[in-house]
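The values are calculated or read from the model by the stated rules, or taken from the named source; none is laboratory data. Everything numeric in this text was worked out from a predicted model, so none of it was measured. Note that we place each Cβ from the backbone using ideal geometry, even for glycine, and neighbour counts take in every protein chain shown.
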Amino acid sequence: MFVKSVFLAALVGLSVALPAAQPAFAGERYQSRPPVIVSPDLSAPWVMQLGGAARPVVYAPRAVQPQVRTYQRQVQRRAPQASLMQPVAARANKPIRTQIDPVFLPQMVAYDSPHKPGTIVIDTNNRFLYLVTGNGQARRYGVGVGKPGFEWAGKHKITAKKEWPDWTPPSEMISREAAKGHYLPARMDGGPENPLGARAMYLGSTLYRIHGTNAPWTIGSGVSSGCIRMRNEDVVDLYERVGVGTTVIVM
């Protein structure tokens, strides 16, 4: 009983000596702490351990550079088509004849003939016109002759000569070409576009002529309706060498 009384008296005394307990809150641990005060004495031992004179540290804010993103356009090159990769030589091109064979250019050749000088002899098979000069020679020109069905042969004389002649197609030719879808004019003035070219020499009373052409690449071929055609420069040369009354032999 005595021991129990002593224990109770001790508890009462302890409660009087200790202050009353304050309630604890969880938010107190997140309150701001008091600032840490560093000694302003630069000679403090912890500062001297840095070595050398202590220098104030200046922290400059880092300049934030704006990020500029460059977008480069990706160009996708299309592979060339197979047809365009073929060499030029492999492409199908329609040949365009712009020059005649040099054999049809004017030249002096050996020519044995019973005809007197100044006579014109036309070899339609070989597409040559010979102007006999005598002494076994002749001046030879390349010509175009009548196409199949329009060949002819005979002996005539030059009855007229004209420079840059007009062209009046025969009615038969107009009808024939119209049936093919080619419509010819009733008359065409002389000039570079005229099919008779620069000069014309008319043969007898026929519709045939020795004349120039605006299609010199046809020389050496059978393409006409019976007329004998020459290059313009060649027909001018022949025109100056012969006159009205010259004999023309077509073989």
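Below, the figures for the structure above:
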| item | result |
| --- | --- |
| Per-region count, segment 126-161, residues in contact (Cβ under 8 Å) with a residue 40 or more places away in the chain and at negative phi | 22 |
| Matching residues in segment 172-191 - criterion: being small (G, A, S) and under 21 Å from H211 (Cα atoms) | A186, G190, G191 |
| Elements of type strands (runs of 3 or more DSSP E) in segment 180-251, at least 3 residues being within 39 Å of the chain's Cα centre (by Cα) and touching a residue at least 12 places away in the same chain (Cβ under 8 Å) | 222-224 |
| Hey, Y183 among the aromatic types (F, W, Y) and surrounded by 12 or more Cβ atoms within 10 Å (Cβ to Cβ) or not | no |
| Some residue of segment 148-159 being at pLDDT 95 or above and of a type in the set (V, I, T) | yes |
| Test: residue in segment 132-141 that is exposed (fewer than 15 other Cβ atoms within 10 Å of the Cβ), at pLDDT below 95 and not hydroxyl-bearing (S, T, Y) | yes |
